[in-house]
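A.B. asks: Let me give you the structure first, and then I'll get to my questions.
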Amino acid sequence: MNILIMGGPGAGKGTMSARIVDQFQVNHISTGDIFRSEISGGTKLGLEAKAYIEQGLLVPDAITNHMVKHYLEQLKDPKNGFLLDGYPRTLDQAKAFDELSKGTDLEIDIVIAMEIPFDVLAGRISGRRLCKECGEIYHIVSHPSLKEGTCDKCGGLLYQRKDDTIESLQTRLKEYTAQTEPVLKFYEEKGIVTYINANQSMDDVWQDVKKALETK
Ligand SMILES: [Zn+2]
């Protein structure tokens with residue numbers, strides 16, 4: 001089974017990805033990993049991508065698409081399929097990957113789209129605090145430290161990440177929605193999107209995700 005997971009900032013995509021990989025024994029495919037692997041492997045595509053990155057340019061979709069396909073084809077252990085995370089990110093990428101994978105065992109079978117209302121997301125993100133020393137993550141409401149501003153684990157100072165603000169979230173979410181709405185629509189027309197209510201406890205979200213994948 002080949003899965004694509006989508007979710008905006010703060011939707012809990014990272015946690016669900018880890019659980020999916022563990023439960024369903026699929027390869028976790030993130031574009032960051034692919035870029036690193038192709039570049040360090042010195043493949044033709046990897047070298048092309050590297051040239052763009054070194055000039056501070058975005059790697060063109062055409063290269064990214066072929067790199068993803070190449071990476072998937074040469075996976076040593078195909079396991080039970082893969083979980084795509086962070087790709088396809090745009091409608092162009094989705095269409096291109098669809099073309100590249102049509103009729104092969106690389107076709108995407110199901111899209112898990114994690115949804116969460118903006119005000120909930122805003123609360124989750126703007127309440128987040130991190131430890132300067134050990135990186136432990138707290139939340140002022142749902143997971144506060146025992147002593148305000150101090151890490152329980154190491155006594156380090158807690159701080160708020162610069163982009164963990166409502167304004168920054170609004171910007172990121174707007175960008176995310178503008179990019180992904182057409183992608184979701186594209187997969188909706190194929191009838192393979194399952195929307196997951198991410199505004200629940202992590203365990204409840206997981207039950208929904210698991211059920212969606214098990215019944216696929
Ligand atoms: Zn700490």
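The values are calculated or read from the model by the stated rules, or taken from the named source; none is laboratory data. Everything quoted here is computed from the prediction, not taken from an experiment. Cβ coordinates were reconstructed from backbone atoms using ideal geometry, including for glycine residues, and neighbour counts include every protein chain displayed.
A.B. asks: Could you say whether any residue in segment 176-189 is more than 19 Å from the chain's Cα centre (by Cα) and not in a helix (DSSP H, G or I)?
C.D. replies: The answer is no, given that none of the residues of segment 176-189 is more than 19 Å from the chain's Cα centre (by Cα) and not in a helix (DSSP H, G or I).
A.B. asks: A further question on this structure: Among the aliphatic types (A, V, I, L, M), surrounded by 13 or more Cβ atoms within 10 Å (Cβ to Cβ) and within 17 Å of the chain's Cα centre (by Cα), is that true of LEU106?
C.D. replies: Answer is no for this residue.
A.B. asks: Looking at (1) within 30 Å of GLU99 (Cβ to Cβ); (2) crowded, with 16+ Cβ neighbours inside 10 Å, can you tell me which one GLU136 breaks?
C.D. replies: Single failed check for GLU136: (1).
A.B. asks: When the residues of segment 159-170 are filtered to those that are over 22 Å from ARG89 (Cβ atoms) and out of contact with any helix residue (DSSP H, G or I) (no Cβ under 7 Å at 6 or more places or on another chain), which remaining residue is farthest from the ligand (Cβ to nearest atom)?
C.D. replies: Result: GLU167.
A.B. asks: Can you name the residue in segment 171-184 that is of a type outside the set (Phe, Trp, Tyr) and in contact (Cβ under 8 Å) with a residue 12 or more places away in the chain and is also farthest from the ligand (Cβ to nearest atom) among such residues?
C.D. replies: Residues of segment 171-184 that are of a type outside the set (Phe, Trp, Tyr), as a first pass: 171-175, 177-184.
Narrowing the set further to residues that are in contact (Cβ under 8 Å) with a residue 12 or more places away in the chain leaves 172-173, 177, 179-180, 182-184.
Numbers: ARG172: 26, LEU173: 29, THR177: 34, GLN179: 35, THR180: 34, PRO182: 41, VAL183: 38, LEU184: 38 Å.
Among those that are of a type outside the set (Phe, Trp, Tyr) and in contact (Cβ under 8 Å) with a residue 12 or more places away in the chain, it is PRO182.
A.B. asks: Which of the residues that make up segment 120-145 are without any contact (Cβ under 8 Å) to a residue 24 or more places away in the chain and either away from the ligand (no atom under 12 Å from the Cβ) or closer than 17 Å to GLY7 by Cα (or both)? Working first, answer last.
C.D. replies: Our first condition is that a residue be without any contact (Cβ under 8 Å) to a residue 24 or more places away in the chain; within segment 120-145, this holds for 123, 127, 134-145.
Result: GLY123, GLY127, HIS139, ILE140, VAL141, SER142, HIS143, PRO144.
A.B. asks: Taking LEU169 and the conditions (1) at pLDDT 90 or above; (2) outside any strand (DSSP E or B); (3) surrounded by 14 or more Cβ atoms within 10 Å (Cβ to Cβ), which numbered condition does it fall short on, given that it satisfies the others?
C.D. replies: Every condition holds for LEU169 apart from (1).
A.B. asks: Further question on the same structure: Answer yes or no: is there a residue in segment 98-115 that is part of a helix (DSSP H, G or I), more than 16 Å from the ligand (Cβ to nearest atom), of a type in the set (Gly, Ala, Ser) and at pLDDT 90 or above.
C.D. replies: Yes, the conditions are met somewhere in segment 98-115.
A.B. asks: Here's a follow-up. Only one residue in GLY149, GLY156 is over 21 Å from the mean Cα position of the chain (by Cα), within 14 Å of the ligand (Cβ to nearest atom) and exposed (fewer than 13 other Cβ atoms within 10 Å of the Cβ). Which one? So that I can check it myself, show each step before the final result.
C.D. replies: Numbers: GLY156 fails: exposed (fewer than 13 other Cβ atoms within 10 Å of the Cβ).
Checking each option against the conditions leaves just GLY149.
A.B. asks: Within segment 185-206, is there a residue that is surrounded by fewer than 13 Cβ atoms within 10 Å (Cβ to Cβ), β-branched (Val, Ile, Thr) and away from the ligand (no atom under 14 Å from the Cβ)?
C.D. replies: No, segment 185-206 contains no residue that is surrounded by fewer than 13 Cβ atoms within 10 Å (Cβ to Cβ), β-branched (Val, Ile, Thr) and away from the ligand (no atom under 14 Å from the Cβ).
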